[in-house]
Each structure stands twice: as C-alpha cells, then as structure tokens.
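The values are calculated or read from the model by the stated rules, or taken from the named source; none is laboratory data. Note that the structure is predicted; figures quoted are calculated from it, not measured. Cβ coordinates were reconstructed from backbone atoms using ideal geometry, including for glycine residues, and neighbour counts include every protein chain displayed.
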Number of protein chains: 2
Amino acid sequence: MFKKIKRILLGRPLNNSAIESEKYGVLWGLPILSSDAISSVAYAGQEMLLVMIPAIGALAYKQIPIISIAIIGILFLLMLSYRQTIENYPNGGGAFVVSKDNLGIMAGVTAGAALSVDYILTVAVSISSGVEQITSAFIVLKPHSVLIAVVLALLLMLGNLRGIRESSKLFGLPAYAFIFALLSMIVAGFVKVAMGYVPPAPHMPAVAVMQPVTLFLLLKAFSSGCTALTGIEAVSNSVPNFKDPSRKHAKTVLLLLSLIIFVLFLGTSILANIYKVVPGKDGAMLILIAQEIFGHGFMYYFVTATTFIILILAANTAFSGFPMLISVMAKEGYAPRQLSMRGDRLGYDNGIVLLTAVAIILIIIFKANVSSLIGLYAIGVFISFTLSQTGMFMKWYRERGDHWKKKAFVNGLGAIMTTIAVCVIAVTKFRQGAWIVVILIPILIFLILKVKRHYTSVYNQLRIKPEEYEEIDIEKYPYNNRVIVPIDNINKSSVRALKYAKTISNNIIAFNVAINEESASELKEKYARLNINDIPLTVKYSPYRRVVEPLLDFIASEEYNYKKGDMITVILPQFKVEKWWQQILHNNTKFFIEKELLKHKHIVVASIPLQLKHK
Amino acid sequence: MFKKIKRILLGRPLNNSAIESEKYGVLWGLPILSSDAISSVAYAGQEMLLVMIPAIGALAYKQIPIISIAIIGILFLLMLSYRQTIENYPNGGGAFVVSKDNLGIMAGVTAGAALSVDYILTVAVSISSGVEQITSAFIVLKPHSVLIAVVLALLLMLGNLRGIRESSKLFGLPAYAFIFALLSMIVAGFVKVAMGYVPPAPHMPAVAVMQPVTLFLLLKAFSSGCTALTGIEAVSNSVPNFKDPSRKHAKTVLLLLSLIIFVLFLGTSILANIYKVVPGKDGAMLILIAQEIFGHGFMYYFVTATTFIILILAANTAFSGFPMLISVMAKEGYAPRQLSMRGDRLGYDNGIVLLTAVAIILIIIFKANVSSLIGLYAIGVFISFTLSQTGMFMKWYRERGDHWKKKAFVNGLGAIMTTIAVCVIAVTKFRQGAWIVVILIPILIFLILKVKRHYTSVYNQLRIKPEEYEEIDIEKYPYNNRVIVPIDNINKSSVRALKYAKTISNNIIAFNVAINEESASELKEKYARLNINDIPLTVKYSPYRRVVEPLLDFIASEEYNYKKGDMITVILPQFKVEKWWQQILHNNTKFFIEKELLKHKHIVVASIPLQLKHK
C-alpha cells in the first residue's frame, strides 16, 4: 500500500542510464540554478530599507543605490572567481571540495557545514518571502502564513523526489516570466517618471529619534543586502548536472546570471529611491512599487504572481544543491552513508527529505517571518565564499601555471572582500540571529568530524592490507558450528526450525524458557512424542519472566560447555503476515531477542520466515 | 543509558514470586479500588446541578436529593449483583468474562470494548475534575489546566509502572483522608444549620426562559448523576489482586465501598440543597460548600486538598483495572499479545502506557473540561453493567442451583435497571458526546474480533493435531541447504561471513552487485587473491542501483538452478557499535535487505554480528 502511494506521488523508478538525459543545458540550467540568486531581489533591497527607515527616515532612499553598487561589485568579483572554479572543478562539490583540496580537511569541513546551513536557510527564507508577497496582495491569507509556507515546502519536496529533469521543465518557465515581469516594471517605472509623473510623498512611520547616518547603520544595511548574493555558488556546485560540455555551459549560465542580478537589483533599488515606498505593514517592497507603477491592473498581479513563484522556486536551488553537496560529503565519509545514495527517481532522496524537515522546523520557529530569518542568513554562504576563494588563491600560488598571477589576483581579491563581508555580517547581525549560526557551524563541524572519524575507524578495523591477502585461509580456524532452537511450543513453526537446524549442524539443542513446572512438563511430553533423539530439549525456568537472559546464561554455563571458536547459531522463526496491521500482532518478542543476542559476537541469529495466510 | 533512566524511575525488576506479596487485603484494597467510585461524588452532584440550574434556576436544588436517591437505589442493586459475580468469578476479568461465558463471544467482546472506553474516560474525567478542584481554590493555576492534567497523568503512569503494592501504600491514605474530610463537612454542615445558621441566598445566573420541570430534564440530570456509579465494577475485575481469601476480601470491600458512596453522595446532595451553591465560574461544588461551612480556614483547604488528591488517585483505579482487563483479553487472543505480558515491576507495562496515552489525547482534545467529557462518560460502563447482569441472570437460569430464583431476581432486576440507564444516557447525552462512544464501541468490537480471528487463523495454521505427532519425522524431506554470501567489498567482515558459511554448508556462492564494470573487475581480482576455490563469486550489475532485486532475480534464474526443497541461507553481517548514534551510520541497507528477503519462505537470513570498537 505504501509502495503504491509512493508510485503515484513520485512516478516510476528510473534506470541508471537515465541520469544522462536528466541533465540540462544553458536554457534550463539558467532558470533552475539562478532562481535563488535572482529571487533575492525580492527581499534584499527591502531588508536594507527596513534597517534604515526606522533610524533615518526618508534619507534611507538615497543610500540604497549606493550600497547596492557596492554589493554588485562583490557580485562581479564572485562571478569571475567562480568561473575559474568551474573550469578547474568539473565534478561539483563547490566550496567543500575546493577548500579541502587546497586548504586541508578542516577548511573543507567548515565550508561544508557553512554551506549546509545556508542551503537550509535558503529554503526557509525564500518560501517565507514568497508567502509574504502573496499575503501582501491577498491580505486574507496573512494569518495562515506559517501553514502555507509548510505546505509549499512539502510540495517542493515531492517535486524534487520526482527527479531533476521534471523539476527543470516545471520550474524553468517561471524564472523567465519573473525576469520579464521585473524588466517590464523597471522600464515602465522609468518611462512613467520621464513622462512627468510625480510619485506621492511616502507615508513614513514616525522616527522616534532621528539618528545620524553612521557607518554601523550603513554596514548593517549592507549585511542585509548581501543576501542578494546567496545562491550564485549553486552553479559551481552543480557542474556535473550540466550536459556536455558541462564546464562551458556552467560558465555561460554564471555570466548570464550575474548580468540579470545586476540589472534587476540595481533597477529595483533605483525604483525604490524614485517611488519611495515603505515596506512593512502595507506589504512587500516589490509589490508596493508595482502598485505605484501599474495600479491594480494585470501587470500588478503578474509581478505579484511571478515574484511569489520565483521565490518558491528559489528554494528549489537548495533542493538541487544541498543533496548534491551532502552526497559528495557522504561518499567521502563526512556524513551518514545513506545520504550518498540516489533514490528511485535518481535524486538524493534522503538529502531532500532532511533538507525539507529542517527548513520546516525553522519556518515554524520563526513564524515564516523574513526579517527574523534574515539575521541568520548570508553568513554561512560568505564563510564558504571566503574559504573557496582562499583555496583557489592557494592553488594558483602553489601551481604557478599560465597567467597564475592574474588568476590569483582575482581569487585573492575575492577572498579579501568576502572576508570583510563575513566580519561585517557577523558583527552587525550578531544580535539578530547571526549568533545562532556562529554557534551552529562549530557544532556541525564537530559532528562531521566525529562521523568521519568513526567511518575511518571502521574502515581500518575491517580493512585487509594487501600483504595480508596471502595469509588468509578461510579453512584455518574454522568455527565449530553449534545450533540452539528456542521453542515455546510444539507447532509447525518449531518443527520447521528444527528441520532447518538439522541441515546446518549436527550439534543442536532445543531450548525452552518455562514460566512454571506445569507448562514445562507439558512441553516435555509433547516434545518426546516427536521422537527426535539427536536434539536434546533443555528447559530453564525464568524467575523474571525474561526470555533472553536465561538463554544467555545457559550459553555461558558449564552445562553448555561453550569453547572458544564455537559459533552458536540461534534459529528464530519470523512470522510473515499479509497485512501491515497484522505485523503489530507478531514478532515483537523475536525482534527484541534478536537485538539482545546480536550483542554477542559468537552468536549468529538465523531468521527463518514463516508465511501466514490471511483468513 | 535508557536502561539506567528506566531503573531510576521504575526501581529494580521484581521476581515472579513477588506477585503474592504485591497483593492487598481489605485495608489497602478498599482505598485503591474505591477511589474512582467515591471520588465521583466530586463531580456527579455538580454536573446534575449544571444541567438543571440554567433551565429551572433554584428549583434545581429540590430535585437533586430525589434523583440522588434513585441513583443510590441502582448502586445497592449493583452491589448485591457484583457480590454474586465475585463469588462465582474469582479470577477477575469482570464483565468481559461473565458476558463471554454466559452470553457468547459477541457479548463478551462488547463488554470488553465498553469497559475499555470507560477506563480511559475515568482517567480523563477524574484528572480533569481534580484539576478543576485546585483551580477553584487557586485561581492563578486556571490557564494551565491542560498542562497540569497531562503532567498528572504521566506521574500516575510512572507510579503504576513501579508496581501494585507501592501504589497501594502511596495511594491508600488519601482515600481515607478524603472520606474523613467529607464526613466532617457533612456533620459540620448539618450542625451549623441546626444551630440556626441561615445560608445566604444564591447568586443565581439569570435564567433566560424559565422552563417547566420536564421528564427529559430530570433524566438528563440523572444521566450526569450516573457517573457516580462508575468504578464499582473495578472490585470484581480485580479479585485476583486480593490476598487469600480473595473473594471474601473483595466482597467486603464492595460492601464498604457502597456504604461510603451512599453516605457521601446523599450527604453532599443534601448540603447542596441546604447551602444552594452555584458551581461554575466561581468554582467546583464541593469547594463552594466547604467555603460556606468552614470559611477559608484549615478545613476548607483540607477538603480541597483531599478532593484533589482523591480525584487524581481515582484515575489510579483505571490503572489497576484497564491493564488487567486488557491482559485477560490479550491472553485469549482478543488483543495484541504484548498487552498480556507483565513488565519488570510485575505490572502490565504496555497496558499502562496505552491507557495513559489515550487519556492524555482526550484531555488535550477536551481541554481538561469535565462538563465536555461527562457526555462521553458512564455509557460505556452501563453497557458493561447490563451485559454482566444479563450474563449472571442467564447463568442462574441455566444452572438452577440452590436459591437460583433469588439470585436470578437480583441480577435480573439489575439488568433491567441498567438497561434503562443505558437508554436514558444514550438519548439524553447523545449530542453532548455520547454519540462518539456509540460509534467508537462498534469500531472497537470490529477490531477486537479481527485480532481474534487473526490469532485463531495463525493458531490453526501452526497447530499440530494430536494424531499428527506420530507422522512427523524431521529427517523426512530434509532441506537441501545452500548458502549465499553477499559481499560488496573484500574485508574482514566478508571473510568472516565466508568462514561461517563454510561451517554450515558446502554449497556456497559469494554474490556481488556491481555499479559498473570497473568496480566489478577490481572486486574479482581481490577475491581471486583470497584463493577460495570452492566458493565461486557471482557478479551482477544493477541498472536501478538496487541490491535486493538482483539477488532475488539470481535466485530465481536458471543459472542458480533453485529446486523445490532447497533452503537458501543468506548471510548478512550486522555491525554492532558501542554508541547509539553510531547505529545511525550502519546497517540501514542490511535492515532493508533482510526485510525483503524474508518475504520468501525458502530464504533464511543469518545475521552475523561484528563488534566494532569506538575510536
């Protein structure tokens, strides 16, 4: 039944060779990987205004385009840097791989932890912002923001569990629609003012105490604006998802992406300056600008709809990026191994589900409020930017190939700029939530290293060194195979277990734990009637109504005479029933006994299935 | 770690022979088994008032003692009836056993379902009412009612998981204190009025439209009052919990219990009539009466405290009764078998936990509000009363022993009276929640019968008939034992599995599922270096990255040449790690493979444990 539901929701499983056809070129790669970065236009500018308006009122509008230009400077620097990364790391993994290769394991793990946090926040912030857009246009939905956000996260999860290509078709067009909507709005906005339209004076909230334009305030706004840059690393992480030639496609997508962000981010910043909207209670910034320019006409709803959709789909960038990152880490033993396995539809199912679960928790805790979440955001991605750039710089410096100085300069400058940004964000946003991330990342690093150490330890314990191969002789020290068949009744199941036991050993005992002498003698009598002469029956009484302890005590007893090298196989019937609810009625004791027995290295548990019919 | 916590909370496990000393006589049996019945004095009278005051105002007080006398009539009839039941059913199980023996399986199952529902409601109602008492005296606690109720339920669960006798010591004294407190209040109340005290006129809430005293109204109040009788069946269910002579002790307890209820219920009804208190927003009835009589002195707080405690402990009656009932049902296959097993401390742990869980859900849904829960209450227990009485009547009628007519008259009259009560409650309380129970009980009956049918079907499939014993020859049709060792790498674990395989069979193959030819040839090369000539290695490629399917396909293939009678043992290593969190990192695939393989009756899964050290 569960399988059927899974098929309906997720579609038929895909063949391994289908991986190739799931990949994308520039046309679909651009919208899939860019939606995070371009959609941040919807909140980055707004959050800058929200930092400044309460402090300096209408002066804020003047500052916005200036700060925006600084951010766009970093954008282009990152674009150039990451094109160099794509060229040199065609297998994806991004900051994690680059840092690990060039700066060592600690740096790689730090980048991995930082990026993981950031992907999760991308989902939480983008969905919350998307919900904010529609609740600006449709105010009746406002009280249900958290519920809507959670449902959207679950829908995204389902979509991604269905597989990559279908995601691209499904999620590609809206990105283009959003770009078209915002370009139209920017053009229409400029034309309207050029035609002589004078925007109304803003309804500014009263500023309690007018503050001077301090550096700290500008830096705080800058920190909020930096969220516009999150997501551009997604392209370099996803190079293997591109069709061949994958590097060329990825580099083209990164360039186009940067140009689009440049136009949209700067354009909307200038519009905010011209039209002087006040985001907050009245609604989101983009929606208010659209209202000023288009009134409540078709284009107003078109901007609202595409902004909403692009934000929701922005979360999808993380659904491509996070599972890929975590699977790269898992393959190298830095995360639980089940995260490295592709599911039926060739996506990394476990990673997708994990991402969704944590994002939903964040959405619920922060009540789907963008301004609350924004404090946690960006710091993670800027840490990974810094490590990645530094790693690339070290690479050029060490290798000293063609044009190494030019390349090292690009990445070195990138590293310096992003380091400054990390410090600015950590300091200015510390009390707004950055502290959570500052604590969380070291904890994640600790856990990652612990997992890695464990897998390494297991690997070393299991490993056979090349020189040991010749020494191994599986006939040497063969185990002495002894069998115990626990029975609590004489029935077809126990007879079957005894029959099976005969085929694997000739040193067998049947074992019963009796509650009292009455039931013991009844069983002994029945057993005698079976006439099995070569399998003695041992009965023990359990003062604590336990099952496992008497068996383990017996094995340890002189009576059983266990010797080193003996391997004891305990045969346990496992009932197989046809309906799931019947499973509740069986095997509870078997499950418990098996768990306890397997704590002992000289005991093997053989589960012999017994099919029961449903009547 | 989990075990340690369990020990601290629940104490050391008790020996089977300790069961005897866990039993109680009259002195402790009375408070343990009576608290449900006597505590209902705290809400039964009050809920009668709450039905009538909004309809007929002050006229309500006149009716209360009259309805109370009718209810007390039923009480004495039930007492006489149940003494006859105790005499004839010393092994407990109460209505379930009596109905099943005399009226057939359907009646027994119906009684069992009805009683189960009632026990659960006893916990929910008693705890909610207890919380209502203290929040009447300490109004600041009111907003936290639900939380307090849930915590109390959990504390009761813990207390009961510790074992029966300790419960009796812990829970016995407060019952006596409550009886003493209410007797004092009744005496003081009468004396005060006899001395010439005139109670103040009641602050009656305005009655919107004064209604006539209709029969329906009186019956509705009667239905609420019937909740006073719930719990007296607990004594007959718990006969085996008494010290020898258990029947005599149980009958004495039942008699004493009835007398106590008679005095307290009638006494407080008359006090309510004299002092004309208005329960509701101002507080609970008993607390308001105590305030009128004692002011805010010591006795006021003494009544509040003992009423609170007795109500909380009333829930404890269900903690003795429900697990016992459900274990009797489980032993006969009417409930999942794990409910029939005593835990470490000789209580029925699973039943106790189940009861707590469902009661907490009810408390949360109904916000710990007694008036909301009361509609669901009493109908279940009156259905079981009816079935039990009818069953006893049929017994006397069939057996026709000494004085059978007298005995049959008592039980017959009881059956008629309780049948009438069931109808009255179902009709008058239908819209207040009785409909939930009316729907729930048939569903429960359906489930119980389904479970029973399943266990019976399994029993028949497994059973060896007496005449078949002689035919069984475990040497006949011996299985042909073949072994498959799946390996995905050459390491100490796979070598160990191969070694073990050698001891149980000489028809072994090693099996590998490869992702691509590269990994396959690497594995083949390594395997060749092990020089195992009698175990061939078979490699299959998996187009779907699956593990189980290729193995099952291989077993079904001509290449493997499976023949009827072959028993295939698949050996799977199970990693045992030292810390719980490491478990997450292992065995996920093993668990899945085992589950799939065991769906096939000719495949045995042997789990070979491998201890890994923590480094």
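Numerical summary
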| quantity | calculated |
| --- | --- |
| Count of the stretch A:235-248 residues which are over 25 Å from the mean Cα position of the chain (by Cα) and within 15 Å of residue A:80 (Cα to Cα) | 1 |
| Set A:412, A:391: member being buried (at least 19 other Cβ atoms within 10 Å of the Cβ), free of Cβ contacts under 8 Å to residues at least 60 places away in the same chain and not hydrophobic (A, V, I, L, M, F, W, C) | A:412 |
| Some residue of the stretch B:279-296 being of a type in the set (A, V, I, L, M, F, W, C), modelled with pLDDT under 85 and in contact with a Gly (Cβ under 8 Å, 6 or more places away or on another chain) | no |
| Residues that are in contact with a strand residue (DSSP E or B) (Cβ under 9 Å, 6 or more places away or on another chain) and touching a residue at least 24 places away in the same chain (Cβ under 8 Å), drawn from the stretch A:239-256 | A:241, A:242, A:243, A:249, A:250, A:253 |
| Some residue of the stretch A:568-589 being among the aliphatic types (A, V, I, L, M), farther than 26 Å from residue B:337 by Cα and surrounded by fewer than 18 Cβ atoms within 10 Å (Cβ to Cβ) | no |
| Meets criteria (surrounded by fewer than 24 Cβ atoms within 10 Å (Cβ to Cβ) and either under 28 Å from the mean Cα position of the chain (by Cα) or charged (D, E, K, R) (or both)) for residue B:361 | yes |
| Unique match (being of a type in the set (S, T, N, Q), touching a helix residue (DSSP H, G or I) at 6+ places or on another chain (Cβ under 6 Å), within 10 Å of chain B (Cβ to nearest Cβ) and free of Cβ contacts under 8 Å to residues at least 60 places away in the same chain) among A:491, A:516 | A:491 |
| Any hit, the stretch A:540-559, residues being exposed (fewer than 14 other Cβ atoms within 10 Å of the Cβ) and in contact with a Leu (Cβ under 8 Å, 6 or more places away or on another chain) | no |
| Residue among B:271, B:259, B:313, B:266 that is surrounded by fewer than 24 Cβ atoms within 10 Å (Cβ to Cβ), of a type outside the set (S, T, N, Q), touching a residue at least 40 places away in the same chain (Cβ under 8 Å) and in a helix (DSSP H, G or I) | B:266 |
| Where residue A:485 falls short, out of the listed (1) assigned to a helix (DSSP H, G or I); (2) modelled with pLDDT of 90 or more | (1) |
| First in the stretch B:64-93 and without any contact (Cβ under 8 Å) to a residue 40 or more places away in the chain and assigned to a helix (DSSP H, G or I), second anywhere and crowded, with 23+ Cβ neighbours inside 10 Å and among the charged types (D, E, K, R), Cβ under 9 Å, 6 or more apart | none |
| Subset of the stretch B:494-508 (residues that are touching a residue at least 40 places away in the same chain (Cβ under 8 Å), of a type in the set (A, V, I, L, M, F, W, C) and either surrounded by fewer than 22 Cβ atoms within 10 Å (Cβ to Cβ) or more than 8 Å from every other protein chain (Cβ to nearest Cβ) (or both)) | B:497, B:501 |
| Residue selected from the stretch B:552-607 under the condition farther than 23 Å from residue A:571 by Cα and in a helix (DSSP H, G or I), by the criterion farthest from the other protein chains (Cβ to nearest Cβ) | B:554 |
| Filter result for the condition that a residue is over 25 Å from residue A:478 (Cα atoms), among the small types (Gly, Ala, Ser) and either in the same structural domain as residue A:490 (by TED's automatic domain parsing) or crowded, with 18+ Cβ neighbours inside 10 Å (or both), over A:607, A:521 | A:521 |
| Sole residue being under 17 Å from residue A:610 (Cβ atoms) and small (Gly, Ala, Ser), chosen from A:501, A:528 | A:501 |
| Residue that is more than 30 Å from residue A:468 (Cβ to Cβ) and assigned by TED's automatic domain parsing to the domain that holds residue B:96, where the choices are B:443, B:474 | B:443 |
| Test: residue A:533 is surrounded by fewer than 20 Cβ atoms within 10 Å (Cβ to Cβ), at pLDDT below 85, assigned by TED's automatic domain parsing to the domain that holds residue A:562 and at negative phi | yes |
| Residues within the stretch A:425-476 that are over 21 Å from residue B:526 (Cβ atoms) and facing chain B (nearest Cβ under 8 Å), tallied | 4 |
| Residue check for residue B:278: crowded, with 22+ Cβ neighbours inside 10 Å and of a type outside the set (S, T, N, Q) | no |
| Residues that are of a type outside the set (Val, Ile, Thr), within 19 Å of the chain's Cα centre (by Cα) and buried (at least 17 other Cβ atoms within 10 Å of the Cβ), drawn from the stretch A:445-481 | A:452 |
| Pick from the stretch A:425-477, criterion in a helix (DSSP H, G or I), in contact with a helix residue (DSSP H, G or I) (Cβ under 9 Å, 6 or more places away or on another chain) and small (Gly, Ala, Ser), ranking: farthest from residue A:330 (Cα to Cα) | A:426 |
